[in-house]
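Reviewing the structure listed below.
The values are calculated or read from the model by the stated rules, or taken from the named source; none is laboratory data. Computed from a predicted model, the values in this text were never measured in an experiment. Don't worry about glycine lacking a Cβ; one is built from the backbone with ideal geometry, like all the others, and counts go over all protein chains shown. In case anyone asks, the SASA skips ligands and DNA or RNA and just uses the protein heavy atoms, side chains included. Shrake-Rupley method; radii C 1.70, N 1.55, O 1.52, S 1.80 Å.
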Amino acid sequence: MTPSRRHRDIFRLLQRDGTISVAELASRLGVSLETVRRDLKPLAGNGSVIKMHGAVSLPSVAGEAPFEKRMRENSDAKKAIAAAVAGTIRDGDSIMMDTGTTTSFLARELLSRRRLTVVTNSSDIARTLATVNDNRVYMAGGELRSDNGAAFGTTAIEFASRFSVTHAIISAGAVNTRGVMDYDLEEAEFARMVLSRGKRAIVVTDSSKFGREGLVLVSGLAAITELATDKLPPSDIAEALDTAGIDLLLA
């Protein structure tokens with residue numbers, strides 16, 4: 001493949017997936033890291049792409065808010081997972097969701113449902129599902145964060161504790177043999193409360209989160225009934241999920 005052809009493919013991948021690591025680019029293009037770095041050097045030099053910490057993005061993506069950037073990352077996988085989970089939710093069901101890119105995609109997939117009762121700390125999810133299709137939407141109070149428009153803290157947790165729902169759904173920063181992890185204490189605490197409020201306790205995560213180590217443990221695997229993802233987990237995680245009796249929903 002010629003450099004100009006690789007440049008076109010690099011732009012195509014960045015437009016589709018947002019920020020991509022240099023190693024992932026090399027893998028997708030079927031070339032060495034050295035080749036990708038050579039290809040990226042003139043593109044970064046003329047401002048066509050932005051290089052940062054071993055990854056690369058388009059300039060417009062680099063200027064987006066953090067949550068918007070995460071919405072673009074692995075978006076095809078997240079949309080597929082959201083569609084698969086939405087297929088298990090019926091008109092009139094009750095749902096609690098935490099803030100997250102995959103749960104935001106799920107909210108969009110649920111626009112075809114009617115008379116939902118939705119509890120969330122995400123202003124994006126609330127805005128998507130409120131005032132349509134006879135839904136009732138309850139949003140946790142508190143100060144909204146600037147990066148994702150979500151409420152956290154003791155007020156949000158206490159609010160969520162008042163509800164019992166059919167589907168409790170959280171996103172995940174990391175999934176390993178220990179359980180579900182996140183990188184933020186307040187997000188982990190709210191997600192833990194969400195899991196405890198549903199007949200179904202569902203984790204939605206794309207396969208890039210498998211095997212990662214987060215900063216804070218949200219819950220052990222025993223607290224989860226189902227995990228929805230886009231690819232089969234590695235063998236050690238698959239074995240731990242099976243031992244815990246967790247159903248795997250593969251998009």
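Annotations
- Potential lengthening of the chain between SER235 and LEU217 amounts to 4.4 nm, from the contour at 0.36 nm per residue minus the alpha-carbon distance.
- Carbon-plus-sulfur accessible fraction, the chain (probe radius 1.4 Å, protein heavy atoms only): 50%.
- With N counted as the residues of the stretch 86-130, its alpha-carbon radius of gyration over 2.2 N^0.38 Å works out to 0.99.
- Rg and Dmax of the chain, based on Cα coordinates, read 19.2, 60 Å.
- Total lysine pairs in the chain at Cα distances under 20 Å, for residues eight or more apart or on different chains: 10.
- Bridge type composition, the chain - antiparallel percent by DSSP, nearest 5: 35 percent
- Rounded FRET efficiency, nearest 0.05, which uses the C-beta distance separating ALA23 from THR88 and R0 of 25 Å: 0.10
- Largest GNM mean-square fluctuation among ALA80, ALA151, ALA44, using the chain with Cα springs under 10 Å: ALA44.
- Translational diffusion of the stretch 73-153, estimated by Stokes-Einstein from the Kirkwood radius over alpha carbon pairs at 20 °C in a medium of 1.002 mPa s, is 168 µm² per second.
- Within the chain, longest stretch clear of exposed GluC sites (Glu not before Pro) (DSSP loop, no more than 16 other Cβ within 10 Å): 65-142
- The stretch 105-251: projected area of the alpha-carbon convex hull, averaged over directions, in nm²: 8.3 nm²
- Average accessible surface for the chain: 46 Å² per residue, computed with a 1.4 Å probe over protein heavy atoms with every protein chain in place.
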